1. Within region 40-69, which residues are hydrophobic (A, V, I, L, M, F, W, C) and either under 22 Å from residue 125 (Cβ atoms) or free of Cβ contacts under 8 Å to residues at least 12 places away in the same chain (or both)?
2. Cβ-Cβ below 9 Å, separation at least six or inter-chain, first residue in region 70-94 and buried (at least 17 other Cβ atoms within 10 Å of the Cβ), second polar (S, T, N, Q) and modelled with pLDDT under 85: which pairs?
3. State yes or no: is residue 15 touching a strand residue (DSSP E or B) at 6+ places or on another chain (Cβ under 7 Å) and either surrounded by 13 or more Cβ atoms within 10 Å (Cβ to Cβ) or not assigned by TED's automatic domain parsing to the domain that holds residue 139 (or both)?
4. Yes or no: region 282-305 includes at least one residue that is part of a loop (DSSP other than H, G, I, E, B), over 30 Å from residue 125 (Cβ atoms), modelled with pLDDT under 90 and in contact with a Leu (Cβ under 8 Å, 6 or more places away or on another chain).
5. Can you tell me which of 161, 178 is modelled with pLDDT of 85 or more, of a type in the set (Ser, Thr, Tyr) and either farther than 30 Å from residue 272 by Cβ or in contact with a Leu (Cβ under 6 Å, 6 or more places away or on another chain) (or both)?
6. Looking at region 18-37 only, could you name the residues that are buried (at least 19 other Cβ atoms within 10 Å of the Cβ) and in contact with a Lys or Arg (Cβ under 8 Å, 6 or more places away or on another chain)?
7. Working only within region 50-68, note down all residues that are modelled with pLDDT of 85 or more and hydrophobic (A, V, I, L, M, F, W, C).
8. Can you work out which of the residues in region 90-108 that are hydrophobic (A, V, I, L, M, F, W, C) and more than 11 Å from residue 292 (Cβ to Cβ) is farthest from the chain's Cα centre (by Cα)?
Amino acid sequence: MPLKDILALRLYTRVARLGSFSAAARESGLAQSQVSRMIAELEASLGARLLSRTTRAVVPTEAGMEFLARMEPILAAVDDAENSVRENGELRGLLRIGMPSTMGIRVVIPRLSAFTERHPMLHLELMLEDQWQDMVKEAVDIGIRVGNLPDLAGTARRIGTMHRVIVASPDYLARHGTPVTPTDLERHRIVGGPAGSQASSWQFERDGTVSSINLAPQFSTNDTAGALAAATGGLGIVSTTSWACALELASGTLVHLLAEWRMADLPVHAYFPQGRATRLAARAFADFLATTLDSEHAESAASGDGA
């Protein structure tokens with residue numbers, strides 16, 4: 001296949017995903033007119049309209065969606081074939097990553113420069129969302145998730161562990177008192193969030209004694225940042241991960257409660273929807289993130305936040 005045709009296919013997938021000719025042009029370093037012309041030529045050669053163009057948006061047609069679903073794995077395979085023979089180990093192409101928004105913003109992105117400097121020609125697209133995505137439909141190469149995974153068709157690799165803690169604002173504690181034991185939580189207002197909503201109870205362990213407390217949130221949200229904002233605003237006590245609330249703990253806007261009691265750690269998995277056909281870039285990113293989380297785990301333990 002001529003390189004020009006491969007470029008046209010890559011441009012089509014980017015326009016379809018970004019919903020914009022101008023965005024795809026900026027990403028590729030081409031003029032918008034060039035991108036538009038190449039995709040028009042692609043549509044003409046296929047005898048099918050792939051994109052519906054309006055003044056507000058560019059969206060794939062039904063035929064375009066089918067073509068997108070079939071072409072993205074092929075282009076990813078081309079990237080992998082090229083990456084596998086590069087002697088310097090530098091990766092190229094597009095890597096689509098799905099992960100929880102707070103984890104991405106607070107832990108991964110600030111430490112991502114080491115990975116991007118190692119692979120300057122690899123384009124990363126982070127899809128930050130706390131809820132589980134349809135990774136096949138969204139063409140996600142690797143998904144990062146905290147907590148137990150549901151039954152999935154792909155493969156998963158455990159790459160780290162996150163400490164779970166409970167926190168509240170000084171203002172809330174001044175008004176409602178500070179819990180001294182896990183059972184004291186039954187008299188407090190609870191904020192439910194993604195990290196705390198996976199089980200019907202919170203479990204604590206101390207000196208071999210396990211306490212399981214059933215709690216009903218007065219306020220809940222499916223977003224970690226929203227749960228932290230609620231706790232910071234004095235709405236109640238929230239269960240989250242130590243990395244998620246590290247900034248608030250450092251600034252004093254949130255206080256770590258029942259620090260002498262340990263909550264169950266949460267596993268962090270890298271999920272590969274393509275199974276054994278996992279891309280080289282996805283495996284490299286999982287290796288990088290495993291090292292990053294190991295370092296984060298050590299920092300948390302050293303500071304005492306994960307105790």
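1. Correct list: 40, 42, 44, 50, 51, 57, 58, 59, 65, 67, 68, 69.
2. From residues that are buried (at least 17 other Cβ atoms within 10 Å of the Cβ), the pairs are 76/274; 91/83; 93/83.
3. yes
4. Yes, some residue in region 282-305 is part of a loop (DSSP other than H, G, I, E, B), over 30 Å from residue 125 (Cβ atoms), modelled with pLDDT under 90 and in contact with a Leu (Cβ under 8 Å, 6 or more places away or on another chain).
5. Just one listed residue meets the conditions, 178.
6. Of everything in region 18-37, just one residue is buried (at least 19 other Cβ atoms within 10 Å of the Cβ) and in contact with a Lys or Arg (Cβ under 8 Å, 6 or more places away or on another chain), namely 24.
7. 50, 51, 58, 59, 63, 65, 67, 68, listed by residue number.
8. Here the answer is 91.
The values are calculated or read from the model by the stated rules, or taken from the named source; none is laboratory data. Please read these numbers as outputs of a predicted model, since none were measured by experiment. Note that we place each Cβ from the backbone using ideal geometry, even for glycine, and neighbour counts take in every protein chain shown.
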